[in-house]
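Q: One structure, as structure tokens, below. Some questions next.
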Amino acid sequence: MWEACTDVACGNLFAWLNQGPLTLTIFLHTVVVIPMFFIYFQEKKRLEEGGE
Amino acid sequence: MLINGQLKYESQKLAMNYFRVAIVLFGAQLLMGLIAAIQFLYPGFLFELFDFSVARMVHINALVVWMLYAMIGSVYYMIPDETGHEAVGIALGKLAFWILTAAVTVVVLVYIFIQVGSGSESTIWFINEGREYLEAPRWADLGIVAVVLVFYYNVFFTYLKSEKKTGIMTVMVANLFALAGLYLCGMFFTDNISMDQYWWWWVIHLWVEATWEVFVGTLAAYALIKILGAKREIVEMWLWIEVLMLFGSGILGLGHHYFWIGTPEYWWEIGALFSALEPVPLVAMFVHVLYDWGKEQGHAEAGGADTAVKNSPAMAWIASNAFGNFLGAGIWGFFHTLPQVNIYTHGTQFTAAHGHLAFFGAYATILIGMMYLGVQGAYGIKKMTMTFKSKMALFLIIFGVLGMTVALTIAGYEQVLVERADLGGGWDAFFIAQELPWYVQAQAWRLVMGIVTLVGFVYLAWDLLTIGQEVSQKESESVAATA
Amino acid sequence: MSKKSASVWTSIPFWRRSAAWVTGVATVLLIWLTFDTMGQISMGSDEDLKNGVTKRIPAASVINYHIDYQFDDKRGHEVPVIGEKEPFFGKEWSAEEAAKLLHLGKLTSQAKNCMNCHTLLGNGAYYAPDLTKAWLDPKWNDGTMTGITGKASKEEAMAEFLMHPSQYPTHARMMPNLGITKEEAVALVAFLKHMSAIDTNGFPRNFSQSAKRLEGGTHAH
């Protein structure tokens, strides 16, 4: 199932996450996008409480 | 374009000097391109006198340098408007301009007359570095760093002095820091070609697909306020959205250059999806420019005026930029950004097609627009309208570059299918594909369209020199008539 | 402006913070990835070659070995295969000699501006053939260029060609004479041989299939 060695590298985090179509890139996109929800709700709260 | 008469700030007068050199180098770029295009069809042309490698080197270096000149000029032009102050170190700024121009002249003369050196460090220091786009010899690299430090000092400390820090200036200051710093990644030598190209792309990609794009976003924001009187809140909100999307896709989009240069396979995925998203902000920029234009035009008409546009040639070039950026950088880039496609298109005329339309659509257009804004300021014109020459320049240059792009795309397709997919690359495969009629015809059309572009450039240069005088005369006559 | 709006979508602070976050995290990821890649693309050592350790970029002394480019079933594309020892310009080069030679070759490739006609690893100009796997090109192996230059081995033929390219034209589009010395030419050949041993993830694909199919002449002129 999980391939420990992709291309010529073994035991490498990014190579390990790269397990076939899109696994690595979707992971990285998720890391980038998820915290934006937090920023969104924090800003919403601030605006509703009367921030400028 | 020859006078600065009506400009109040020294910073803006300096900007005009940058624009003047930029337009000369733009002309040089087109002439060199013409020589290279002729050599594709008639390889004996200037053989062993002025070879393709020399013409091509000056072609792409003139391109980068005229754009940097126009970019520095644009920033010097907007500093007083955005900060309300003269640039803090203007005397130093002027000195830096002359040093840079002298250095560029020497570098170009060495390129043209000395061309190549022996395989030694001294060639890298004094003749050329032999790395595409970054050919400037090491001494010139150091000079560029010094000049850029002066420039950045002016931008940063004038920004600090301003009472109200605008969003446009904030983005400009932060982005220029990254833009200037990245140049350092291209200034070392290594025996390892993969390492070499890894860092080389840090400069090239993180310039043209990240920091330069954000730079264009800030210029467009400034220009929309200046030309249309667009509302600052809206423009600056869009600017932050553009920064978000451009850097979000562009920084890791760097991976699409790391598919085949010896770097690990995991770059396939990173490069593929992040760079596939790079067109998204370009769509947003296009929508934004048209939205503001339409909105301000509506307001103007409701108020009884005929147009909201205070500088129609600049607006025409900026609208061309909005669409050209999307088409050249976005569509033509997306064509070959996925590794499944790129394994065949990498290193073919496909890249050349994309390069031509992207540099033109994303950068040349808006920088020409900024030059028209400069002319308007220099002559104190209230409302600048297009002359016949402005229209000819706009039409011929756009038509010419689009024509070259289409021709090179066809050449690229032929090369991809025959040389790469069918024959698998290599010496014979390369020349078989180069000699097929479809490829040769495409190269012929590229030459024709290149000449069209050059004629358009002549109109452009002529117009920039004369439009200020023409329009300001008309304006004062009409004022006299109504009085 | 009317009373406080609760729409975040038109809030400049929201977009500014988001832009800062995304830019920051993308930059951090890129730097992290760069450190990882640096480890993988730093040049291997002479010992790696002796012990058969696969490196993406082998040591300069790879010029002492036979290099091939073969399809790898697991990876789904061609990869360089480093084989038995073979003489390079008639001798075996020590690790130091090879490194010095590669250094001169790389310097010369820049000094002579190769990249503004050719592509190296696919990057450069498109006026002349890609040099990534030039060392493996059938043109040097099938007797064509050794015959034209009258040299016994392909490395000698390559060096001779590089020194006097326009004396051995194969097409109307020729390589110009760049004043390459004998020493520089040998170094350039070493540079090319080393480059052909770099693991380029299968670029160029199906390299030089034409040679097998078109044996006995091509259909172009």
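Q: Got a sec? Which residues in region B:43-75 would a label at B:VAL440 touch, if it sits 7 Å along Cα→Cβ and we count backbone N under 14 Å?
A: Within reach of a label on B:VAL440: B:43-44.
Q: Right, next: Work out the mean other chain Cβ neighbour count within 10 Å for the residues of A:3-13 and drop it here as an integer.
A: 4
Q: How high is the relative contact order of region B:113-211? Use alpha-carbon pairs under 8 Å, at least six apart in sequence, and give a whole percent.
A: Rounded, it is 18 percent for region B:113-211.
Q: Let me ask something else about it. Averaged across the residues of B:121-131, what count of C-beta atoms belonging to other chains lies within 10 Å of each residue's C-beta?
A: Across the residues of B:121-131, the mean count of other-chain Cβ atoms within 10 Å is 4.
Q: Between region B:96-128 and region B:59-91, how far is it from one alpha carbon centroid to the other, in angstrom?
A: Spelled out, the Cα-based centre of one part sits 23 Å from the other.
Q: Remind me, relative contact order of region B:380-483 in percent, using alpha carbon pairs under 8 angstrom and six or more residues apart?
A: Taking the mean separation of contacting Cα pairs over the length of region B:380-483, I get 46 percent.
Q: Computed from the mean reciprocal separation of all distinct C-alpha pairs, what Kirkwood hydrodynamic radius does region C:67-206 have, in Å?
A: Hydrodynamic radius (Kirkwood, Cα pairs) of region C:67-206 is 15.7 Å.
Q: Rounded to the nearest 10 degrees, what's the angle between the helix B:349-358 long axis and the longest principal axis of chain B, both from Cα atoms, 0 to 90?
A: So the helix axis and the longest Cα principal axis differ by about 10 degrees.
Q: Rounded to the nearest Å, what's the spacing between the alpha carbon centres of region B:153-173 and region B:358-383? Just the number, please.
A: Taking the Cα centre of each part, region B:153-173 and region B:358-383 sit 22 Å apart.
Q: Taking the highest mean first, how do the peptides B:11-23, C:20-32, C:101-113 order by number of other beta carbon atoms within 10 angstrom per residue?
A: Descending packing order for the listed peptides: C:101-113, B:11-23, C:20-32.
Q: Another question, if that's okay. Output the 0 to 90 degree angle, nearest 10, between the alpha-carbon long axis of helix B:388-414 and the longest principal axis computed from the alpha carbons of chain B.
A: Taking Cα atoms only, the helix is inclined about 20 degrees.
Q: Going by amide H atoms built from the backbone, whose H comes under 5 Å of the H on C:VAL81, apart from near neighbours?
A: C:ASP68, C:TYR69, C:GLN70
Q: Related question: Compute the relative contact order of chain B as a whole-number percentage, counting only Cα pairs closer than 8 Å that sit 6 or more residues apart in sequence. Write down the numbers at each step before the final one.
A: Working: 688 pairs, mean separation 72.4, N = 483.
Relative CO of chain B lands at 15 percent.
Q: Let me ask another. If you line up the long axis of helix B:232-253 against the longest principal axis of chain B, both from Cα atoms, how many degrees apart are they, to the nearest 10?
A: 10
Q: Could you work out, residue by residue across B:244-250, how many beta carbons of other chains sit within 10 Å of that residue's beta carbon, and then give the average as an integer?
A: Per-residue shielding by partner chains comes out at 6.
Q: I want the local charge near A:MET36. Using Cβ-Cβ distances under 13 Å, sum +1 for each Lys or Arg and -1 for each Asp or Glu among the other residues.
A: +2
Q: Does the protein assembly as shown classify as rounded, prolate or oblate by the C-alpha gyration tensor (a ≥ b ≥ c root eigenvalues; a/c under 1.5 gives rounded; else a/b over b/c gives prolate, otherwise oblate)?
A: In terms of gyration-tensor shape, prolate.
Q: Here's something else I'd like to know. Using the count of nearby Cβ atoms within 10 Å as a rough guide to exposure, how do B:HIS205, B:HIS346 rank from fewest to most?
A: Listing B:HIS205, B:HIS346 from fewest to most nearby Cβ atoms yields B:HIS205, B:HIS346.
Q: Determine, for C:SER61, B:SER162, the number of other Cβ atoms within 10 Å of each Cβ, and report the residues in order from fewest to most.
A: B:SER162, C:SER61
Q: What ranking of A:PHE37, B:PHE52, C:PHE71 emerges when the number of other C-beta atoms within 10 Å of each C-beta is taken as an exposure proxy, fewest first?
A: In order of increasing Cβ crowding within 10 Å: A:PHE37, C:PHE71, B:PHE52.
Q: Please state the charge dipole magnitude for chain B, taken about the Cα centre, from unit charges on C-beta atoms (+1 on K and R, -1 on D and E), reported in debye and rounded to the nearest 20.
A: I would put it at about 1420 debye.
Rule-based calculations on the coordinates, nothing more; no lab input. Here the structure is a predicted model, which is why all the values come from computation and not from measurement. Note that each Cβ is placed from the backbone with ideal geometry, even for glycine, and that neighbours are counted across all protein chains shown.
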